[in-house]
């Protein structure tokens with residue numbers, strides 16, 4: 001019986017196929033490892049780093065207030081608007097409601113500087129205590145785990161709308177559970193001079209990122225006008241992205257000022 005011979009060219013071709021398949025498998029494994037590292041960085045490391053930074057920010061503000069440093073918070077009770085922040089990343093300068101991105105505003109001379117942390121937001125239901133910084137620059141404010149103040153809106157305690165934005169996911173995600181807030185919940189904003197308590201009374205589950213009405217002095221949704229207010233007052237607006245891990249829509253929580261307590265008062 002004759003034994004069939006395998007030609008050298010056939011062997012070389014098969015060897016090339018094996019090398020190509022092996023190289024492709026190595027590339028896929030390497031790409032998968034890189035994607036996994038990126039996910040770990042985004043979902044774990046950025047959160048840990050930003051949360052620790054935010055905790056240090058709160059502690060630094062409290063120490064500064066106890067030491068009685070100069071007042072740059074802008075919560076004097078006057079009803080003057082801030083301007084616009086040249087360090088903004090995108091949306092807020094044109095009046096968009098922001099969650100994970102957005103622009104801010106350059107503070108007026110009597111208010112805090114752009115990206116300066118000057119207040120502490122406390123939400124008891126969410127066990128949240130986080131610095132509030134001027135403007136909503138992603139790099140200089142939101143990605144640090146802070147909550148950003150839409151700088152063309154009012155300051156804490158002032159007549160009008162004190163509007164804030166924060167990340168829903170990654171970078172500390174201070175507003176991760178903003179959807180858990182209910183009507184009647186307290187939201188406190190502490191500054192060097194006073195603590196302002198707002199009470200949640202309206203929640204807009206979903207609206208467009210371009211719905212600028214939600215951060216106007218008298219906030220009312222332009223896309224869903226059944227949500228919002230019709231009279232002047234002292235309002236708080238909290239905005240973030242929804243659904244989670246997307247920036248397609250905005251979740252909005254509104255509150256009304258119900259009490260003011262001066263620092264040091266009983």
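The values are calculated or read from the model by the stated rules, or taken from the named source; none is laboratory data. Note that the structure is a prediction, hence the values are computed from the model and not measured. Note that we place each Cβ from the backbone using ideal geometry, even for glycine, and neighbour counts take in every protein chain shown.
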Test result for residue 187, within 20 Å of residue 233 (Cβ to Cβ) and surrounded by 18 or more Cβ atoms within 10 Å (Cβ to Cβ) | yes
If the Cβ limit is 6 Å and pairs must be 6+ apart or interchain, which residue in the stretch 150-167 that is on the phi > 0 side of the Ramachandran plot and modelled with pLDDT under 95 pairs with which residue that is crowded, with 24+ Cβ neighbours inside 10 Å and assigned to a strand (DSSP E or B)?
-> none
Could you check residue 252 against (1) assigned to a loop (DSSP other than H, G, I, E, B); (2) in contact with a helix residue (DSSP H, G or I) (Cβ under 7 Å, 6 or more places away or on another chain) and say which number it fails?
-> (1)
Unique residue being over 16 Å from residue 178 (Cβ atoms) and in contact (Cβ under 8 Å) with a residue 60 or more places away in the chain when the list is 221, 247, 259, 230 = 259
